[in-house]
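In what follows, a structure is listed as structure tokens, so that the remarks can point back to it.
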Amino acid sequence: MTYNKKTIEDIAVAGKRVLVRCDFNVPVKDGVITSDKRIVEALPTIKYLKAQGAMVILCSHMGKPHNVLDAKLKLNKKELAKIAALPAEEQEAATAEALTKAAKDRKKLSLAIVADKLNELLGGGVVFATDTVGEDAKAKVAAMKPGDIVLLENTRFTAAEEKNDPDFSKELASLAEIFVNDAFGTAHRAHASTAGVVQHAGLPAVCGYLIQKEISVMGKALADPERPFVAILGGAKVSDKLNVISNLLGKVDTLIIGGGMAYTFLAAKGYKVGQSLLDTEKIDYCKEMMAKAEASGVQLLLPVDTTIAKSFPDPIDGPIDVEIVDSDKIPDDMQGLDIGPKTMELYANAAKAAKTVVWNGPMGVFENPTLAKGTIAVAKALAESDAVSIVGGGDSAAACEQLGFADRITHISTGGGASLEFLEGKELPGIACLQDK
Ligand code: AMP
């Protein structure tokens, strides 16, 4: 999918109310934001709009608050069913308890903490509305002057957000005259605040700098890559990556498979994989992909050796005894949990020889230090490569950041699911709805 969408620079924003969908879904622990990357990534768009004299209305989701409570402080269906299953005399107390807990959980997902961080990063000037489309939001938006910034409360405080509810979309849209989507992380979802404000309310819509960066770097890699173009895919299951494998096979020079999904490919080659993760229903699919690679001259690399253990680590980061064997020598009672050293070298060399590399998914159970070596080797190879290196979000992005390689990677996507769907060639509704250039 190639997008050529209008950006904030292609639309007159001075003096206009501009609703900006950001991805402020940041990790929070004990009331503290543990990574402000997503907030920092949103700043260029916010600063530009402010400098142009727009009235900047920011919105975002954080977590899944409606799972516990809906917008009117009523318990959701799941909670109600749990309570209905209790003896009648216990139901009143259980309801009160569930409501108190839900209200507490919901408070933890308030964007007030993001407003504080934005004020810190921007040197003040960000006003927080305690609701999303309610009285407080309306009053604060009505009082805005050019250059002002208001952050609305969590869009997912109502289930209407994820349902892409037309009425909620219209209410949100009525706050503004222009919509800017800069939330790549949720661009693969058609929600009220990502696509609904355009689909149901017709706001003129363009992308912000972050989405522009994401689609131009990844779009170029897929449409017109500098070759050799190498893709490295890992992660647990083949079934999660079916479309991405087949789409990339039509584009890359080399496709590298690691992680749990490699064992289904090894089984398709006729190897015994012992107790390793195996998706028996997908063995034929893997055979088909291997044939497709061969027919189209794409090099498909699979692990030549593997790190095995008697069982999956428990706890996941606990000590574990491992052995290294060739991929066709996995004993029946052992399981493969990481790529082996020969494979690490093979994959690292392929990454270093590339001009464009795309990586998505860990090479092994990277949560365990003994089984993280394959993932670290790939991250290091990307950092050392002169290629345009692109890392899909999620685990692989976290690995690059934790290892301190982030500034040596060309582009680390801010969206795990969104970048995967982009690599699959799927249309992303939050981007498709924006105006074309
Ligand atoms: P995904 O969510 O598909 O990107 O997969 C990430 C998960 O795959 C991580 O939690 C890894 O621990 C897990 N994983 C990677 N390699 C293996 C393996 N060989 N066996 C079991 N799980 C694995």
With a Förster radius of 41 Å, plug the Cβ-Cβ distance of Glu288 and Ala84 into 1/(1 + (r/R0)^6) and report the FRET value to the nearest 0.05.
0.30
How big, in percent, is the set of alpha carbon pairs in region 125-254 lying more than 23 Å apart?
49
For a quick check, take a GNM of the chain with Cα springs below 10 Å and name the residue from Ser311, Ser413, Ser193 with the largest mean-square fluctuation.
Ser311
For region 299-360, convex hull of alpha carbons as volume per residue, Å³
107
Along its three principal axes, how long is region 1-156 when you only count alpha carbons? Whole Å, largest extent first please.
61, 35, 34
So, counting K/R as plus one and D/E as minus one, what does the shell of residues with Cβ under 12 Å around Leu109 add up to?
+4
Counting only protein heavy atoms and leaving out ligands, DNA and RNA, the solvent-accessible surface of Lys37 at a 1.4 Å probe, in Å² to the nearest 10, equals 60
Rg over Rh [alpha-carbon atoms, Kirkwood Rh] for region 342-437
1.03
Cα-only radius of gyration and Dmax that characterise region 218-424, units Å
15.7, 45
Can you give me the accessible area per residue for region 33-148, using a 1.4 Å probe, in Å²?
55
Taking R0 as 30 Å and r as the Cβ-Cβ distance between Ala14 and Glu427, the FRET efficiency 1/(1 + (r/R0)^6), rounded to the nearest 0.05, comes to 0.40
Cross-link pairs Lys101/Lys140; Lys29/Lys77; Lys78/Lys104; Lys117/Lys220 - those with Cα-Cα distance over 25 Å
Lys101/Lys140; Lys29/Lys77; Lys117/Lys220
From most to least accessible, 1.4 Å probe, no ligand or DNA/RNA atoms counted, Met62, Met344 line up as Met344, Met62
Sequence-separation-based contact order of region 218-424, relative, with Cα cut under 8 Å and 6+ spacing, percent:
23
Mean separation of Cα contacts under 8 Å (6+ apart) over length of the chain, as relative contact order %:
17
Inter-site label distance for Lys108 and Asp317 at 7 Å from Cα along Cβ, in nm:
1.8
How many Å² of accessible area per residue for region 218-424, probe 1.4 Å?
41
Using +1 on the beta carbon of Lys and Arg, -1 on that of Asp and Glu, and nothing else charged, what's the dipole of region 303-379 about the Cα centre, debye to 20?
520
For Thr130, what accessible area in Å² do you get when you roll a 1.4 Å probe over the heavy atoms of the protein chains, rounding to the nearest 10?
90
Give me the extension gain from Lys310 to Glu345: residue separation times 0.36 nm, minus the current Cα-Cα distance, reported in nm with one decimal.
10.1 nm
Would you report the distance distribution of C-alpha pairs in the chain as whole percents per 10 angstrom bin, up to the bin with the largest distance?
5, 20, 25, 23, 18, 8, 1, 0
Accessible area of the chain belonging to carbon and sulfur atoms, whole % at 1.4 Å probe
51
Protection proxy (average C-beta count within 10 Å per residue), highest first, orders 359-368, 215-224 as 359-368, 215-224
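The values are calculated or read from the model by the stated rules, or taken from the named source; none is laboratory data. These figures come from a predicted structure and were not determined experimentally. All Cβ positions, even for glycine, are placed from backbone atoms using ideal geometry, and neighbour counts span all protein chains on display. Please note that ligands, DNA and RNA were not included when accessible areas were found on the heavy atoms of the full protein model with its side chains. Shrake-Rupley method; radii C 1.70, N 1.55, O 1.52, S 1.80 Å.
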